[in-house]
Amino acid sequence: MLKAKQGSPCFAAHGFHGRRVCVPRGLAATWEAAMPIVTLTIPDTNVKDPRIRSTTASVLELIQPFTPTSMFPHLIRNSIFALFSASLLHGEVRLWTSLFNGRNLDGWSIAIQGSEPGKDPQGHIVVRDGAIHMYADTPEDKQGDFGVIVSDRTYSRFHLDFEYAWGRKTFEPRKGKLRDAGLLYHIADPNQRTWGIWPVSMECQIQEGDVGDLVFLKVRGLTWMHPDSNNAPGQGEAGLLPESGGSPLFCNQQDHAYIGRYPVLDQLEGWNRVEAIVHGSDSAVHLVNGKVRSRVFRLTNDEMKPLSSGHIALQLEGAEIKYRNIRIRELAPPLTPATRYVAISHVRGLAPASRELEIHNPGPAAVALDLALTGSHSPLFQASLADGTPAILAPNGKARVRIDFKPAADTPPARYSAGLQVGPPDLGTFVVLQGISLAAPEGNNEPPLQRIIDALGIPLDVGGSDLHLDTKAPAIGTGIAVTALVRATDGPVRITPIARFSPPGEIPLRWHASGDATRHPIATLAGSAKKSDAHQCLFPPWTEGTSTATFDPGKIPFSLVAETGHGAIPLDPKHSATKVTHPARVFPIHTFLGAPVTDAMIIGFEEATNGDYQDALFLLENVRLAPVER
């Protein structure tokens with residue numbers, strides 16, 4: 001990496017090949033005056049790509065105004081060309097902008113509870129010794145009015161980085177309590193408040209032992225919960241990173257939600273570093289002292305519309321705190337995966353378990369496709385570039401990553417989690433990896449429906465975590481009692497098989513008009529003759545070899561029937577004889593594989609009588625409830 005620091009004798013550049021390039025002290029000093037920190041990654045200084053060579057002129061225009069000609073000899077010029085050009089191949093030219101000049105609050109606005117906007121009558125906020133010092137001069141017997149300093153500018157895709165340190169004082173109404181503050185971002189309107197002085201926003205918590213927690217201040221988003229909250233003490237609801245086994249949850253509380261209880265990463269004494277890497281409404285990750293604390297996907301406002309930009313704010317919340325070295329780097333669009341979730345199943349002794357993931361580079365610079373596995377069960381996964389995939393992905397290029405799930409012979413049946421980082425943390429992408437392992441096919445070896453749903457990145461309660469669910473209740477979990485559907489909009493209904501754990505053999509799926517016995521074919525799930533685990537896997541294939549099928553019932557209400565070796569399983573029990581009261585379950589969903597879906601439902605069929613409802617599990621899109629006849 002390359003950093004320019006005031007007074008440094010040279011720039012020291014260390015790349016993938018260990019190259020080092022030095023620039024004289026004067027150039028380093030003048031560079032620092034213009035751009036506080038420049039970070040470069042150097043994959044190779046032998047740049048031949050014409051797109052990269054064409055950028056060197058604009059790089060010179062950036063450098064030369066701040067560099068005396070006498071201090072810019074030909075050799076140094078070529079070295080800097082090489083550094084910038086090669087780094088562009090990795091999308092790694094990182095120009096940081098300071099959000100705090102160390103002298104005053106230029107670029108920020110003050111809001112104190114109970115005071116006129118822009119005013120701080122009690123002097124709670126001072127700038128001293130290069131830091132923003134909250135409550136520095138406030139006597140401890142006085143009220144510690146809450147407030148925020150809000151950036152004048154708005155940001156969408158950015159990497160924010162700052163340091164904080166606690167002082168010793170606390171104030172009413174939080175006298176003697178945990179010292180508390182926070183980073184707020186995506187503030188669409190600083191005057192739109194959720195409660196008190198806090199604006200509607202996403203918060204990265206800053207509190208003793210809880211730094212990096214997620215606070216949804218009247219905004220919504222997808223995050224992950226601890227499956228055993230009793231073993232995760234602390235404040236708020238128990239969260240857990242998806243790569244550590246967290247189960248998906250879409251936070252949609254009307255006021256606010258607090259997700260915490262992650263492993264502690266902050267220190268009570270001295271300076272701590274906080275980072276937030278945010279890509280519009282797509283994703284955000286909070287890091288504390290260099291380690292990931294929490295993640296969130298799909299940020300929306302209270303109306304479920306994407307929350308993609310806004311102001312940034314730092315809180316004062318009744319505890320003495322100092323902030324310093326506040327800087328930001330705006331980011332280009334990152335690598336985009338075809339899906340943010342990759343879910344794979346494996347039955348011991350049957351077909352190998354692998355999938356390929358397509359990656360797209362929508363940004364203006366080439367990006368290196370470095371692959372890094374993280375998380376609780378990362379040793380059970382392998383990731384590699386597919387054959388023919390380049391190690392550096394050009395702008396608008398596409399690449400394929402192969403992911404293998406390889407549980408050992410003695411790996412217990414369970415859901416296993418890991419994460420895959422493709423490319424750098426800021427311009428790459430993070431993909432959740434899920435593996436379901438079975439010791440043997442069929443019977444009690446099969447995974448419960450809730451385990452399958454969690455692995456597919458669907459925030460949904462199916463009515464229990466056991467293999468066998470209630471077959472008599474009209475609806476279970478967040479499901480609905482329904483026997484007929486209709487198209488949501490003009491156009492076909494799309495149906496995707498997402499899981500099958502049943503006896504071998506083909507399963508034709510058909511539709512029929514409500515009240516009509518005539519069945520019309522949609523597609524047929526393949527038997528194990530086509531693929532050894534076709535009857536015991538996630539994403540089972542159709543016999544046609546496609547992953548989805550479509551049909552168009554027109555505007556009339558319709559229902560579905562799965563025809564198994566043990567007889568027909570109707571969604572509508574009145575259509576044909578059934579073994580259980582409710583042979584199918586329907587669950588409306590808004591998220592699948594971590595991404596939004598609209599007018600979508602999950603339908604699970606029960607072939608026998610045990611109520612596992614994963615004998616044939618489908619995702620239906622472009623459907624709604626049929627009107628109830630009166």
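The values are calculated or read from the model by the stated rules, or taken from the named source; none is laboratory data. Owing to the predicted nature of the structure, the values given are computational and were not obtained by experimental measurement. No Cβ is skipped: glycine too gets one built from the backbone with ideal geometry, and neighbour counts run over all protein chains shown. All accessible areas refer to the heavy atoms of the entire protein, side chains included, with ligands and DNA or RNA removed. Shrake-Rupley method; radii C 1.70, N 1.55, O 1.52, S 1.80 Å.
Using the beta-carbon distance between residue 354 and residue 394 and R0 = 35 Å, what value does 1/(1 + (r/R0)^6) give for FRET efficiency, to the nearest 0.05? Walk me through the numbers on the way to the answer.
Details: r = 26 Å, r/R0 = 0.74.
Once the sixth-power term is evaluated, E becomes 0.85.
With a 1.4 Å probe and all protein chains in place, put 350, 538, 105, 268 in order of accessible area, largest first.
Final ranking, largest accessible area leading: 268, 350, 105, 538.
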Principal axis dimensions, region 515-585 - Cα atoms, whole angstrom, descending: 37, 30, 19
Two-site label geometry, residue 444 and residue 543: point separation in nm, points 7 Å out along Cα→Cβ: 3.5 nm
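When Rg is the radius of gyration of the Cα atoms in region 306-348 and Rh is its Kirkwood radius, what does Rg/Rh come to? Kindly include the intermediate steps, with their values, before the conclusion.
Values: Rg = 19.9 Å, Rh = 16.3 Å.
Reported Rg/Rh (Cα atoms, Kirkwood Rh): 1.22.
Can you tell me the FRET efficiency between residue 101 and residue 168 if r is taken as the Cβ-Cβ distance and R0 is 25 Å, rounded to the nearest 0.05?
In this case the efficiency is close to 0.40.
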Using alpha carbons only: equivalent-ellipsoid semi-axes of region 323-430, gyration tensor based, whole Å: 30, 18, 10
Reciprocal of mean inverse Cα separation for region 219-349 (Kirkwood radius, Å): 17.0 Å
Cα Rg, Dmax (largest Cα-Cα span) when computed across region 355-509, Å: 19.6, 57
Gyration tensor over alpha-carbon atoms, region 425-569, equivalent ellipsoid semi-axes in Å: 26, 20, 19
List 606, 208, 544, ordered by accessible area with a 1.4 Å probe, largest first: 544, 208, 606
Volume per residue that the Cα convex hull of region 520-630 spans, once the total is divided by residue count, Å³: 130 Å³
Fraction in percent of alpha-carbon pairs per bin - 5 Å, region 495-552: 4, 20, 29, 21, 13, 10, 3, 0
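Starting from the exponent 0.38 and prefactor 2.2 Å, build the expected Rg for region 268-345 from its residue count and divide its actual Cα Rg by it.
Relative to the 2.2 N^0.38 Å estimate, region 268-345 comes out at 1.37.
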Average projected area [Cα convex hull, region 110-183], square nanometres: 6.0 nm²
Net +/- balance of residues flanking residue 112 in space, Cβ distance below 14 Å, scoring K and R +1, D and E -1: -1
Relative packing of 312-323, 127-138, which averages over residues the other C-beta atoms within 10 Å, highest first: 312-323, 127-138
Share of alpha-carbon pairs per 5 Å distance bin for region 145-196, given as whole %: 4, 11, 24, 21, 17, 16, 7, 1
For region 477-574, size of Cβ-based charge dipole, Lys and Arg +1, Asp and Glu -1, in debye: 60 debye
Debye intensity ratio in log₁₀ form over the Cα atoms of region 556-606, taken at each q of 0.16, 0.19, 0.31 Å⁻¹: -0.54, -0.69, -1.18
Principal axis dimensions, region 221-264 - Cα atoms, whole angstrom, descending: 27, 20, 17
Surface/4 of the Cα convex hull for region 206-281, nm²: 5.7 nm²
Pairwise Cα inverse-distance average, inverted: Kirkwood Rh of region 428-496 (Å): 15.2 Å
